[in-house]
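Structure, as structure tokens:
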Amino acid sequence: MGEVDEERIFDEETVTTSTVRTVSVRGRELVSVLEVTAVTVNPSTLDVAILKVDPFSKRTLGGNLIAHTQVTFGTGLPFVEDKMYIESTPATTQTNVANDRLTGLYRITYTTTGASPSFTVTHGLIGKD
């Protein structure tokens, strides 16, 4: 059985402004689990995206690895969603390794819109070899 690495970013915390977090999770598979249990302002939206980060330059590499479904005031609660990204380059292939392999470092963007938005969020990343 492969190793599992978990990083909890929010644990039933209130998100009221757009926020960026950088976290380290090891593994060839990445799972993002998002739960939103409260939205208090209408209209408001929450978008969550995970991007790969170069561990040396700290710049993002490419587009979103994972983008969660947008949560709005009208979304049925609790909203729970898990999404997975699996590394696509076999270890023996050297072509485009930098583009296809996971780096272990991720930038998570939580983008909110609306006048005084408020979301109660639990979010975690799980890496698995």
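Remarks
- Every pair of residues 6+ apart whose Cβ atoms lie under 7 Å, when the first sits in the stretch 1-26 and is touching a residue at least 60 places away in the same chain (Cβ under 8 Å) and farther than 17 Å from Arg107 by Cβ while the second is charged (D, E, K, R) and surrounded by fewer than 13 Cβ atoms within 10 Å (Cβ to Cβ): Gly2/Asp129; Glu3/Asp129
- Identity of the residue in the stretch 81-92, surrounded by 13 or more Cβ atoms within 10 Å (Cβ to Cβ) and more than 14 Å from the chain's Cα centre (by Cα), that ends up modelled with the highest pLDDT: Glu87
- Number of positions in the stretch 13-35 that are more than 15 Å from Leu125 (Cα to Cα) and not hydroxyl-bearing (Ser, Thr, Tyr): 2
- Subset of the stretch 41-68 [at pLDDT 95 or above, farther than 21 Å from Val23 by Cα and either in contact with a helix residue (DSSP H, G or I) (Cβ under 8 Å, 6 or more places away or on another chain) or β-branched (Val, Ile, Thr) (or both)]: Thr45
- Residue that is surrounded by the fewest Cβ atoms within 10 Å (Cβ to Cβ), among those in the stretch 32-72 that are part of a strand (DSSP E or B) and of a type in the set (Asp, Glu): Asp47
- In summary, Thr95 fulfils each of the numbered conditions (1) in contact with a strand residue (DSSP E or B) (Cβ under 6 Å, 6 or more places away or on another chain); (2) among the polar types (S, T, N, Q); (3) modelled with pLDDT under 90 with the single exception of condition (1).
The values are calculated or read from the model by the stated rules, or taken from the named source; none is laboratory data. These numbers were taken from a predicted model, which means no experiment stands behind them. A quick note on method: Cβ atoms are made from the backbone with ideal geometry, for glycine too, and the neighbour counts reach across all protein chains shown.
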